[in-house]
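First the structure, in the form of structure tokens, and then the observations on it.
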Amino acid sequence: MINIKDVHAHVETDDGDVEILKGISLDIPAGEVHAIMGPNGSGKSTLSYVLAGREDYEVTKGAIELDGEDLLELEPEERAAAGLFLAFQYPVEIPGVNMSTFLKTSINSIRKQRGEDELDALALLKLMKEKCKDLGISDEMMKRAVNVGFSGGEKKRNEVLQMAMLDPKFAVLDETDSGLDIDALKIVADGVNSMRSPDRSFLVITHYQRLLDYIKPDVVHVMAKGKIVKTGGPELALELEEKGYAEFIEEAA
């Protein structure tokens, strides 16, 4: 599914060009959920931005392939069409654009990029109602501007709705649990768990083990100072919760 090999990446800052990723290698087969945990500044979010093709992050070495396709040769919209989805830590507000219009435009843009026919209004409405019902999203919410005035839980529910509508091959959740209460956590987890399948994989990026109580990962990776320093099973997340990151930071130094 996703193959990341020896990726180094820089970002331009006020202090100059800074290397954030220092040789990341990661394989996530179809059907698996992998989690990356690590302290602030370890490069977790940078990895998600690099995967999505954010323009201010430059890959200077390495390769990334999704189902054998070279992601680094694709524009962000082409990566989305290839099946990649990124759920942001802080979803963007889009004043003046209601949810229904946003989802319609998103879905048909990706279908067009893939060379598929656009969905007509009736087919889109049917799909939208089906997914909203599954996620407990009201018709009223669909009339509101994207994320404007939304609570933290509503924003995350919206992200999960987008993911369900776009039906990606590979989904990255970048610290999507940040600032959420238990009810909102369950919304995110239920959405992810409902989409788990042999043909789809997930990368869940988080600081804390609590999200992984609800989304059971197949593999857990520890990231520190721009590198993967340890890989294990779900029990590794519990070890991190108990002991913290200090020994892994020292190992990465």
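Since every read-out is calculated from the coordinates, none of them should be taken as a lab result. Source: prediction; values computed, not measured. No Cβ is skipped: glycine too gets one built from the backbone with ideal geometry, and neighbour counts run over all protein chains shown.
Annotation for region 1-74: GluC sites (Glu not before Pro) lying in DSSP loop with at most 15 further Cβ atoms inside 10 Å of their Cβ are 55. Applying 0.36 nm per residue to the separation of residue 242 and residue 94 and subtracting their alpha-carbon distance, the gain on full extension is 49.3 nm. Here is how the number arises for the chain: DSSP H runs of 4 or more residues each give -39500 (n - 2.57), the sum is divided by the residue count, and the result at 222 nm is -11000 deg cm²/dmol. In this structure the amide hydrogen of residue 67, modeled in the peptide plane, comes within under 5 Å of the amide hydrogens of 2, 3, none closer than 5 places in sequence on its chain. A straight line joining the Cα centroids of region 141-186 and region 2-66 runs 23 Å. Each residue of region 19-29 is assigned a 3J(HN,Hα), and the resulting list reads 7, 9, 8, 10, x, 7, 10, 7, 10, 10, x Hz, derived from the Karplus form 6.51 cos²θ - 1.76 cosθ + 1.60 (θ = phi - 60°), x at Gly and Pro. Kirkwood hydrodynamic radius of region 112-203, from the reciprocal of the average inverse Cα-Cα distance over all distinct pairs: 14.3 Å. 3J(HN,Hα) couplings calculated from phi for region 31-36 with the Karplus curve 6.51 cos²θ - 1.76 cosθ + 1.60 (θ = phi - 60°) are, in sequence order, x, 10, 10, 10, 10, 10 Hz; Gly and Pro show x.
The 3J(HN,Hα) values that the Karplus relation (6.51, -1.76, 1.60; θ = phi - 60°) gives for region 192-197 are, in residue order, 5, 4, 5, 9, 5, 7 Hz. Gly and Pro appear as x. Put simply, the amide H of residue 20, placed in the peptide plane, has neighbours under 5 Å in 9, 10, 11, leaving out anything fewer than 5 places away on its chain.
Close amide H partners of residue 25, meaning residues 5 or more places away or on another chain with modelled amide H under 5 Å apart, are 6, 7, 228.
In terms of distances greater than 22 angstrom between alpha carbons, the cross-link table entries 5/225; 44/169; 112/155; 126/216; 155/186; 131/186 yield 112/155; 126/216.
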